[in-house]
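Reading through the structure tokens given below for one structure.
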Amino acid sequence: MMRAWILPVLLLLCGSVAAARTASGGSPGVAVAVLAVFLLLAGVNSPLVFPRSVGALEARRRSEADGRPIVYWRPGCQYCVRLRLRLGRTARRAHWVDIWRDPAGAAEVRAANGGDETVPTVVVAGRPHTNPDPAWVREQLSRGA
């Protein structure tokens, strides 16, 4: 749980230090802009951007019932952030599994990717797809709805 927040906290700390140095140098407007950029980066890389995660077993049960895809992800993964942002509001229709919180989810990702924890891994109808095109995932979400 804690390691999911390491990158956002580091971004906040670095942004605070950079903004403080810039402000002490006599540029408060630039300091505010620097802090805003770091806050945005911390927010995008935090687990808060993603829909609430469920366990792998619960996600599989729900996916079998409603036909929606399962997205295995982890905080700090730039490809996961890209997928989440490109899906927009449709992302909430998928079943999201944080592999850092769920060992069963991590095991499923390793099984699908030859032992590697490569995310995002999207499972549709029992078939895994590693780092798929967000447009394709959006299409799968509209089919499952």
TODO: Using a Förster distance of 22 angstrom, determine the FRET efficiency expected from the C-beta separation of A23 and R3, and round it to 0.05.
DONE: 0.10
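Apply the a/c threshold of 1.5 to the C-alpha gyration tensor of the range 50-144 and tell me whether it is rounded, prolate or oblate. Intermediate results must be reported in sequence, preceding the final value.
Working: a/c = 1.40, a/b = 1.15, b/c = 1.22.
Rounded is the answer for the range 50-144, as its axis ratio a/c remains below 1.5.
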Open item on the list: Just to be sure I understand the model, the point goes 7 Å from the Cα along the line to the Cβ. What's the resulting C14 to N113 distance in nm?
Closed with: 2.2
Task: Exposure proxy order (Cβ contacts within 10 Å, fewest to most) of H95, H129 - done: H129, H95
Task: Charged-residue dipole, Cβ positions (Lys, Arg, Asp, Glu), the chain about Cα centre, Debye nearest 20 - done: 320
Task: Antiparallel bridges, percent of DSSP beta bridges restricted to the chain (to nearest 5) - done: 65
TODO: Give me the net charge of V54's neighbourhood, meaning all other residues with Cβ under 11 Å from the Cβ of V54; Lys, Arg count +1, Asp, Glu -1.
DONE: +2
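Classify the range 2-48: rounded, prolate or oblate, from the alpha-carbon gyration tensor (a ≥ b ≥ c, eigenvalue square roots; a/c under 1.5 rounded; otherwise prolate if a/b is larger than b/c)?
Cα axes put the range 2-48 in the oblate bin.
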Task: Leading residue at positive end of dipole, the range 1-91 (Cβ point charges), from W5, V30, V49 - done: V49
Task: the chain, helix-only ellipticity at 222 nm - DSSP H runs n ≥ 4, -39,500 (n - 2.57), divided by all residues, nearest 500 - done: -17000 deg cm²/dmol
Task: Summed side-chain charge close to N45 - residues other than N45 whose Cβ falls under 13 Å, Lys, Arg +1, Asp, Glu -1 - done: +4
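Using the Cβ atoms and a cut-off under 14 Å, what net charge is assigned to the surroundings of G67, where Lys and Arg are +1 and Asp and Glu are -1? Don't skip to the end; give the middle numbers.
Details: positive: R60, R61, R62, R68, R93, R127, R143; negative: E64, D66, E139.
The answer is +4.
No lab work stands behind these numbers, since they all come straight from the coordinates. Since this is a predicted model, take the numbers as computed values, not measurements. Ideal geometry is used to build each Cβ from the backbone, glycine not excepted, and the neighbour counts take in all protein chains shown.
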